[in-house]
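In what follows, a single structure is set out as structure tokens and then discussed.
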Amino acid sequence: MNTLQAPVIISTLDEARLPPYKSLRLRALKDHPDAFLETPESFAARSVESINERMRESQARGGFTLVAEVSGRGLVGTASLAVGSTPKDSHRGLVWGVYVAPEARGLGIGQLLLRELIDRSAHNSTLRNLHLAVVQSNDRARRLYTSLGFREYGLDLDALYVNGEFLSEVLMARNLRSTEV
Ligand SMILES: CC(C)(COP(=O)(O)OP(=O)(O)OC[C@H]1O[C@@H](n2cnc3c(N)ncnc32)[C@H](O)[C@@H]1OP(=O)(O)O)[C@@H](O)C(=O)NCCC(=O)NCCS
């Protein structure tokens, strides 16, 4: 069973922590090819400068990346929000990159990251709802999202092709303006 000796701190990713963030995300992409669209090869090839540039572009639209940090263990989790880039979809937030390292799972860190993401999104008056896609077989992540008020509204058939297999994704959304959950 996982345990943590130190408190978990959730904060927004800054430039100084991009190198450990890159390592953690690379680990996520390698270990869970079915949970993320980006391939480890393409992400590994990106420089810290280019990751920084994309982070700034996303921030300019209201997006952000949250990291969970444990003293003495460094970064153990991530969750990001991207915001629509045109006047017609800037009310939509896309949740991506949700990951907690195996040694820190089952301790509520995924929940902490998402609660903070929802809270920050709700304070952005332009945003109306959050969307995400999760592979159908990922029961743990689906339970986590459901417990935080996300509702399933569709199925993206054969959304991903991973290791010779087509995988469908469940589409989920959460209204930020309702008082539910
Ligand atoms: C999905 C994922 C992010 C969940 O992260 P996590 O930190 O383990 O999530 P939580 O700890 O908040 O919740 C997970 C479980 O632990 C339980 N839990 C939370 N806090 C707990 C605590 N203090 N003690 C015991 N159990 C606890 C939760 O009830 C939940 O139980 P359930 O799975 O039976 O519903 C993580 O498993 C992961 O990174 N998976 C691989 C990547 C992935 O699938 N990402 C999602 C892509 S859409």
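The values are calculated or read from the model by the stated rules, or taken from the named source; none is laboratory data. Computed from a predicted model, the values in this text were never measured in an experiment. Every residue, glycine among them, receives a Cβ derived from its backbone with ideal geometry; neighbour counts consider all protein chains shown. For the accessible areas, the whole protein counts, side chains as well, though only heavy atoms, and no ligand, DNA or RNA atoms are used. Shrake-Rupley method; radii C 1.70, N 1.55, O 1.52, S 1.80 Å.
Being among the hydrophobic types (A, V, I, L, M, F, W, C) and more than 8 Å from the ligand (Cβ to nearest atom) narrows it down to one of Val83, Val100, so name that one.
Val83
Just to confirm my filter: which strands (runs of 3 or more DSSP E) fall fully inside the range 1-107 and include at least 2 residues that are touching a Pro at 6+ places or on another chain (Cβ under 6 Å) and of a type in the set (Lys, Arg)?
By residue number, no strands (runs of 3 or more DSSP E) qualify.
List every residue pair whose Cβ atoms sit under 9 Å apart, with the two residues 6 or more apart in sequence or on different chains, where the first one lies in the range 134-160 and is free of Cβ contacts under 8 Å to residues at least 12 places away in the same chain and exposed (fewer than 15 other Cβ atoms within 10 Å of the Cβ) and the second, anywhere, is of a type in the set (Ser, Thr, Tyr) and not in a loop (DSSP other than H, G, I, E, B).
Pairs that qualify, where the first residue is free of Cβ contacts under 8 Å to residues at least 12 places away in the same chain and exposed (fewer than 15 other Cβ atoms within 10 Å of the Cβ) and the partner is of a type in the set (Ser, Thr, Tyr) and not in a loop (DSSP other than H, G, I, E, B), are Leu157/Ser168; Asp158/Ser168.
If a residue has to be away from the ligand (no atom under 13 Å from the Cβ), among the polar types (S, T, N, Q) and open to solvent by 50 Å² or more (accessible area, probe 1.4 Å) to count, how many in the range 109-133 make the cut?
2
Among the residues of the range 19-43, count how many are under 12 Å from Val76 (Cα atoms), in contact with a helix residue (DSSP H, G or I) (Cβ under 8 Å, 6 or more places away or on another chain) and within 13 Å of the ligand (Cβ to nearest atom).
Of the residues in that region, 1 qualify.
Please specify each residue of the range 33-81 satisfying the condition of being free of Cβ contacts under 8 Å to residues at least 12 places away in the same chain and under 25 Å from Arg128 (Cα atoms).
Arg54, Arg56, Glu57, Gln59, Ala60
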